[in-house]
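Shown next, in structure tokens, is the structure this report addresses.
The values are calculated or read from the model by the stated rules, or taken from the named source; none is laboratory data. Here the structure is a predicted model, which is why all the values come from computation and not from measurement. Note that we place each Cβ from the backbone using ideal geometry, even for glycine, and neighbour counts take in every protein chain shown.
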Amino acid sequence: MKILALETSGGSADLALLESRSGESQTISARQIPAQPRTAQSLAPAMKIALRENNWSPAEVEMVAVATGPGSFTGLRLGVTSAKVFAYAVGARVQGVNTLEGIAWHVSRSGLSDESARIRVVMDAQRNQVFSMACFMAELSKADYPKPSIEILDDDAWLQSLEPGDLLAGPGLNKFGDLVNSKNLPTGVSVAPSELWRPSATAIGQLAWRDFERGQTSADVWSLMPRYYRQSAAEEKRAKEESGRP
């Protein structure tokens, strides 16, 4: 199966082309699109160039994989909309992948040796909070692997929740820079190399294939939507005004 994968949840965008069969995924091409300009006007041409350089016609793409959240509201809308438009145009299926799970998968496939580690992925949720996900490295490839849940925690609560054996990753670690850089973490807590903190389109494509093989398919192209996991600041303000809360 030929897969086009998109990851636009952060400040920049990634796209990758993969060929997958019988449990294996081979990355054919991967590239990063700079944060400025990260718009449909820059993403669409990059997709076209990647396909042309690898002698793929758009009609050969059988699946479009895309990170669906959490992440930047604007970035997620860009990625999901682009994936749906492309998939509809060429008749491909579309598969959504959780952003934090994509980071955990990236860490688990990096060659880090401690299979018993619990990967703690964190992303900045603003307002002194983080999106947090935890999963054991050894479980990610198991057939009966349960999908991890996403929590929204206050920064201090997340720090207090860390336990020995935790392996930290994710762009949210940047907000705890002084703590991470000083290595002043609780005993037994380690940090993955910083190049593994951001999500990648390659990981999104690999996870989409894994889920597809297990029969865990996303909604159709019409109903797939970003998952923000929280309201925007404007939505929260409006909700407070409507409820009469201060």
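Details
- Going through (1) buried (at least 18 other Cβ atoms within 10 Å of the Cβ); (2) over 14 Å from the mean Cα position of the chain (by Cα); (3) of a type outside the set (Ser, Thr, Tyr); (4) assigned by TED's automatic domain parsing to the domain that holds Val180 one by one, Met123 falls short only on (2).
- Flag set for Ser141, criterion: surrounded by fewer than 23 Cβ atoms within 10 Å (Cβ to Cβ) and closer than 30 Å to Val221 by Cβ.
- Residue under evaluation Asn184, criteria (1) outside the structural domain of Gly11 (by TED's automatic domain parsing); (2) more than 20 Å from His106 (Cβ to Cβ); (3) touching a strand residue (DSSP E or B) at 6+ places or on another chain (Cβ under 7 Å), criterion not met: (3)
- Unmet requirement for Val130, which otherwise passes all of (1) within 29 Å of Glu62 (Cα to Cα); (2) buried (at least 23 other Cβ atoms within 10 Å of the Cβ): (1)
- Residue match in segment 92-113 (condition: over 30 Å from Phe176 (Cβ atoms) and either part of a helix (DSSP H, G or I) or among the hydroxyl-bearing types (Ser, Thr, Tyr) (or both)): no
- Considering segment 188-226, and only residues there that are of a type outside the set (Val, Ile, Thr) and in contact with a Ser or Thr (Cβ under 6 Å, 6 or more places away or on another chain), the residue that is farthest from Met1 (Cα to Cα) turns out to be Leu196.
- The residue that is modelled with the highest pLDDT, among those in segment 85-114 that are surrounded by fewer than 22 Cβ atoms within 10 Å (Cβ to Cβ) and farther than 16 Å from Lys2 by Cα, is Val85.
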